[in-house]
1. Of all residues in segment A:11-68, count the ones that are more than 8 Å from every other protein chain (Cβ to nearest Cβ) and polar (S, T, N, Q).
2. Would you tally the residues in segment B:76-89 being in a loop (DSSP other than H, G, I, E, B) and modelled with pLDDT of 75 or more?
3. Cβ-Cβ distance below 8 Å, separation of 6 or more or different chains: which pairs start in segment B:77-97 with a residue that is farther than 17 Å from A:Gly24 by Cβ and end on one that is polar (S, T, N, Q) and at pLDDT 75 or above?
4. Among the residues of segment B:15-40, how many are surrounded by fewer than 21 Cβ atoms within 10 Å (Cβ to Cβ) and either at pLDDT below 90 or within 7 Å of chain A (Cβ to nearest Cβ) (or both)?
5. From B:Leu3, B:Leu39, grab the single residue that is closer than 21 Å to A:Ile50 by Cα and under 13 Å from the mean Cα position of the chain (by Cα).
6. Can you name the condition, by its number, that A:Ala76 falls short on among (1) within 22 Å of B:Ala40 (Cβ to Cβ); (2) among the aliphatic types (A, V, I, L, M); (3) modelled with pLDDT under 90?
7. Of the residues B:Ala65, B:Ala12, B:Ala43, B:Ala96, which is surrounded by 20 or more Cβ atoms within 10 Å (Cβ to Cβ), at the interface with another protein chain (Cβ under 7 Å from one of its Cβ atoms) and either touching a helix residue (DSSP H, G or I) at 6+ places or on another chain (Cβ under 7 Å) or of a type outside the set (Gly, Ala, Ser) (or both)?
8. From the list B:Leu110, B:Leu161, B:Leu106, which one is at pLDDT 75 or above and farther than 20 Å from A:Ala15 by Cβ?
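The values are calculated or read from the model by the stated rules, or taken from the named source; none is laboratory data. As the structure is a prediction and not an experimental result, all values here were calculated from the model. Virtual Cβ from ideal backbone geometry, glycine too; neighbours counted across all protein chains shown.
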Amino acid sequence: MIPGISLQHFLILSAALFSIGLFGVVSRRNAVGVLMSLELMLNAVNLNLIAFNRYVHPAAYTGQMFTLFTITIAAAEATVGLALVVSIFRARRSVRVEDVDLLKG
Amino acid sequence: MALTTTLFYITAAIALFGAVRVVSAQYIFRSALWLAVTLAALAVQFLLLHAEFVAVVQIMVYVGAVIILLIFAVMLTAQMGDAHISQVNRLGVPAALGAGAVFYGLYKCLGATKFAAAEAAATGSGAEQGNLQAIGSLLLGKDAPYVYPFEIIALILFTALVGAVLIARKDPE
């Protein structure tokens, strides 16, 4: 255990990172920036999982396994997301989120 | 103060500062670089939590691969005049209020919750030795509980790669 650092410390750090990522996802103008904020949120969740794994059940590896799968999914999500961004840029010459409003009534 | 405690506070501060710069930088390229800083600081946090394998995977997959991918996307989609307009859309203020409210709620909940199981287990010794072997046998060993999820996630990754190539390629005229 780390002296003076409790589970709460990690959870609060994770909550702060999650909130910053949430702000970025809603307010970023550039679609790539939105994806970056999304990665921030996913990483906050990963920190949560590993902290719980370490503090609640250090003999099991459930949280670390979850994190490995999350990282894989995040990589897949980044690949497809960036391919979509490049495709949208080719079609509309813009990656600003407010320019992509085809489905808006 | 013990070395690990100091390390926790330093890397936490770096991660938070980097995260703020990711969502506030004027140039999206700098956002990508700050994201690398944040993810590397989080890898150190994983090391502090005795998750060595995940820390190395974090460095290799995120800092190594995803950041490169993001930087490529930034370069491929560079726009003239991006430096002169605000990078935050008109939802900036409501988004900041909402994110602040989420953080405040989480903070209050975490402060009010007693993690009894955590207190009990924290005094135990836990797995202090390296975890590489344990993770390997959980994924691919004899009677491994995670062998099917492992294979399925490999399939998902493959599908995503093929899909990305299909989406991003030029339409044949």
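1. Here the count works out to 3.
2. We begin by selecting, within segment B:76-89, every residue in a loop (DSSP other than H, G, I, E, B); these are B:77-87, B:89.
Right, trim to modelled with pLDDT of 75 or more and you get B:77-78.
Residues in segment B:76-89 being in a loop (DSSP other than H, G, I, E, B) and modelled with pLDDT of 75 or more: 2 in total.
3. B:Gln79/A:Ser94; B:Ala83/B:Gln26
4. 8
5. Working: B:Leu3 fails: under 13 Å from the mean Cα position of the chain (by Cα).
Of B:Leu3, B:Leu39, the one residue that is closer than 21 Å to A:Ile50 by Cα and under 13 Å from the mean Cα position of the chain (by Cα) is B:Leu39.
6. Here A:Ala76 meets the rest and fails (3).
7. Details: B:Ala65 fails: surrounded by 20 or more Cβ atoms within 10 Å (Cβ to Cβ); B:Ala43 fails: at the interface with another protein chain (Cβ under 7 Å from one of its Cβ atoms); B:Ala96 fails: surrounded by 20 or more Cβ atoms within 10 Å (Cβ to Cβ).
That would be B:Ala12, the only listed residue that is surrounded by 20 or more Cβ atoms within 10 Å (Cβ to Cβ), at the interface with another protein chain (Cβ under 7 Å from one of its Cβ atoms) and either touching a helix residue (DSSP H, G or I) at 6+ places or on another chain (Cβ under 7 Å) or of a type outside the set (Gly, Ala, Ser) (or both).
8. Values: B:Leu110 fails: farther than 20 Å from A:Ala15 by Cβ; B:Leu106 fails: farther than 20 Å from A:Ala15 by Cβ.
Answer to the selection: B:Leu161.
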